[in-house]
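Novice: Dumping the structure here so I can ask a few things about it.
None of the figures in this text is laboratory data; all of them are computed from the coordinates on show. Since we're looking at a predicted model, the values are computed, not measured. Reconstructed Cβ throughout: ideal geometry from the backbone, glycine too, with neighbour counts over all protein chains shown.
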Amino acid sequence: MSLTPEELKALQKEVNKKKRIASEWAGQMHDLAEERLPDGFDEIHTIAQSTYEACVAWKEAADKLQAAESEAVSS
């Protein structure tokens, strides 16, 4: 079942949102490394885990979009 153009657009919007969230977490990791180490070392695990989870969510959304786009092209 192919997605409608509106559904594809909504899926792209979701991918963009997930990418923004992942980028924000990555930025927090960067800020920690640049500005708060070594004193903030106890924050590493929490920020790294959240960054990882955000990146997984982004990848899953991007994979879903790619599959939907591929299906739309082959239909």
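Novice: Using alpha carbons only, how many degrees (0 to 90, rounded to 10) separate the axis of helix 5-31 from the longest principal axis of the chain?
Specialist: On a 0 to 90 degree scale, this one is about 10.
Novice: Right, something else. Taking every pair of Cα atoms in segment 12-74, average 1/r, invert it to obtain the Kirkwood radius, and report Rg/Rh to two decimals.
Specialist: Details: Rg = 15.3 Å, Rh = 12.8 Å.
A ratio of 1.19.
Novice: Oh, and also: Evaluate the relative contact order of the chain (contact order divided by residue number), counting alpha-carbon pairs under 8 angstrom at least 6 apart; express in whole percent. Don't skip to the answer; put the middle values down first.
Specialist: On the way: 43 pairs, mean separation 39.5, N = 75.
Normalised by residue count, the contact order of the chain is 53 percent.
Novice: Hey, fewest Cβ within 10 Å first, where do H30, H45 land in order?
Specialist: On the way: H30 12, H45 9.
Neighbour counts put them in this order, fewest first: H45, H30.
Novice: Towards the positive end of the charge dipole of the chain, with charges on Cβ (+1 Lys, Arg; -1 Asp, Glu), say which of L3, I44, A62 has the farthest Cα.
Specialist: Result: L3, furthest along the dipole toward the positive end.
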